[in-house]
Amino acid sequence: MSSLARLAAIVALLAAPVVHAAALAGNEGYTANLRIDKRLVPAGAGAAYGSVHRRTLESETDSPMSTSSFIDQNSTVFMTVYGEQAQTYTLDKTGGSFGEQNDLVPVTVLDVSASDGCAALQDKLTWWETVDDVFTTENFIKGIILQSGDASAFTSTLLSCFDAYNPSFLALSATAVPAALPTAAASPVASFYAEGSAEIPQGPYMAEVSTTGNRVRLSKVYRVYRDEMQAFTAPAVPDKSGDFFYQLSAEVPGMNTLSIPVPSRVYTLNVTSPRPLEGMRVAVKDIYDLAGFKTGCGNRAYFNLYDAAKKSAYSVQKLIDDGAIVVGKVKTSQFANGAAVSAGWFDQLAPYNPRGDGYQSPSTSSAGSAAGLAAYDWLDYAIGSDTGGSIRYPAGACGLYGLRPSWGALSLEGVMPMASRLDTPGFFARSGDYLAKFGKAWFAGTNATRSFESFPAVVRAPEDLIASTGAARPIYNRFVSQLAGFLGGRVDNTSYYGQWNETIGHEVGADLPSYGNVSWTVFVGYYQSLNLGDQFFADYERMNGGRRPTIDATVDVRWNYGRQVGLEGYNQALDVKAHVKDFAERYLTPTSNTTCSESLFVYPNSDGSSPDYRTIFPNYPRPAFGWGPQTTCIYADSPEITIPIGQVPYNSTVDGVTEYLPVTVNINAAEGCDFMLFSLAESLHNAGIITEVKTGRTAF
């Protein structure tokens, strides 16, 4: 396709009939910005296909941060970060002496008051060890730095509380220097002030004591974990601004595994005005821009072609501003398209699903996000995306809570497009209350916050969608009954496909599986090939002597199909979407002024009946034809949550024993009712109807 033909196609796409018009998702111009603003800049004004040059960010060649690591007697690896861009704290001595000079000492910063006794201080340290995976008194009481706004708090009695730890020094920090330093039985005592009078967050640090003993520099401590499930593409450590990231870590031995550092949770335990997600550790799918990082989208050629992002995606920055801590980027199948995990991932190894025998597929697209959260209790959340089920299918395979939000609820600026009219962000959690906490923070102030006075009283659980769930059938029935009882409502088993046939299907003259069969692949194949694929290929060929980039077979098949159906096929897919949206809004989940959605559409998501072994090689991929209820909310622009409700046994052909696979259910509501679903999940959690899932082989 020539540049003029491509331009004409884009103009035609944007000029689709008004009946299909909608607000923008925010990622429509992603590829154009990628080429012009961030990474590839045309040489010469107005040159559409002239030569290009690369613009490299300083962070790619010069790292203003470096690391130091140490291993404790339990073989746990810890890391600290130094350098001009690292968050460190400098302390200048005003009296007394340090016991260590020109050395690195693990220390603890502890706030104290005049009313503190030894028991209260010991309780605080014990609590830290309970809630944090970094701090231990065994490792970080080699030196103790006591901090108070009241110099009178520093007494010999207070200092004696730490005699049993035998620290190498005790240091005191106050807004006013003590008139006379108290003494400690076995440790030198010094006083100091923090540079800039900054209060240092409590927690573990590495203290670098100057050769003169007059200055101490404190660096935050990270614990380094091995990515055993191979879910990550890179670790991420923020600079002192908190908004720019570097790929830094210390090595934890493993087989083809990355090492992921996470900071102590103690740093954010006592924040005076905590933000909604303060201290929550989050992994980011590798289709979101993260400042300082390349966005690889699962493809080596794409990763190598374009430079690092100068700023994070809007949705990622919102998490950072809400207090979340990004710990790394996680894998996606190429360009977020589904691909079989055994042979379909050409450029990287698909993540391992920790559930069952460890050789089940984690599903695809947001697979790294789901596999990581299902495996690691040191990770609190993971974000992904959902264009065709890429949150809900991995949530089902890995036994997690998940959300596909109302379309357009959160800008996708800085996120790779798949089919912008269907694209949404999404996330995974391990409990209903955590789902609510994250969702209410991330989607605050968006169109996902329609008001409601109470929950819907009608549970739409179509019998034709539950009929073939095998051993999971009793688990579904029990959940649906409990849900209706909790709501004080009733269950409506009206057939999903039957109701379509009697209503919208009668109007369009087709059953839903036939009518919607090719539409989703048309959306993705046409839009992504035109708005990302063609431009990526052109850029790569110009930079590599006419060579074509290698892409996964699944992506190749879908893009070629999209090119074949063209704009006419895309507009027909828009018609299908409009009719399905009409069906959902009129018959499945009509809106309500009191309950936001008149009913909840509930149906099985994963039933554990068919183990999906990654050890079995699939046939060559075909376009993703077919229809399932998971596509309903995609076309209706409405929110849907996935909830784990149980597990069923299977006889593993991999390890030869009985293992268990998750059973999950999806709950759909009217467009804009996301907050109602968050509150419902939180309420069901508090009522004990749904529970937190575990990490590892079994969810329950």
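Bear in mind that the values in this text are calculations on the coordinates, not laboratory data. Quick caveat, the model's predicted, so the values are computed rather than measured. Here the Cβ is made from the backbone with ideal geometry for all residues, glycine too, and neighbour counts use every protein chain on show.
Things worth noting here:
- To the nearest ten degrees, helix 674-686 and the longest principal axis of the Cα atoms of the chain are 60 degrees apart.
- Rounded to whole Hz, the Karplus (6.51, -1.76, 1.60) HN-Hα couplings of the range 256-261, x for glycine and proline: 6, 10, 8, 10, 10, x
- Taking the chain as a whole, the Cys residues whose C-beta sits 4.7 Å or farther from every other Cys C-beta are CYS297, CYS398, CYS633.
- Taking all pairs of distinct alpha-carbon atoms in the chain, Kirkwood radius in angstrom: 27.2 Å
- Amide hydrogen proximity for ASN605: with H placed 1.01 Å from N in the peptide plane, the residues at 5 or more positions away or on another chain lying under 5 Å are THR664, VAL665, ASN666.
- Sparse-neighbourhood loop sites, trypsin sites (Lys or Arg not before Pro) in the range 529-599 - DSSP loop, at most 12 other Cβ within 10 angstrom: ARG547
- Under-5 Å amide H pairs with ALA429, H placed in peptide plane, nonlocal only: TYR401, GLY402
- Whole-Hz ³J(HN,Hα) from phi, Karplus 6.51 cos²θ - 1.76 cosθ + 1.60, for the range 120-128, glycine and proline x: 5, 5, 5, 4, 5, 5, 5, 4, 4
- In a reduced charge model with +1 at each Lys and Arg Cβ and -1 at each Asp and Glu Cβ, the chain shows a dipole moment near 1160 debye about its Cα centre.
- Mean separation of Cα pairs under 8 Å and 6 or more residues apart, divided by the residue count, gives the range 553-700 a relative contact order of 26 percent.
- Per DSSP, loop chymotrypsin sites (Phe, Trp or Tyr not before Pro) in the range 367-453 with at most 16 further Cβ within 10 Å: TRP378
- Shape category assigned to the range 560-700 from the gyration tensor of Cα positions, a/c cut at 1.5: oblate
- Relative contact order computed over the chain (Cα-Cα under 8 Å; 6+ residues apart), in percent: 13 percent
- Amide H contacts of VAL330 (H built 1.01 Å from N, under 5 Å, at least 5 apart or other chain): THR233, VAL284, LYS285, ASP286
- 222 nm mean residue ellipticity, helices alone, for the chain (DSSP H n ≥ 4; -39,500 (n - 2.57); rounded to 500): -7500 deg cm²/dmol
- The range 87-153 and the range 289-326 have Cα centres spaced 36 Å apart.
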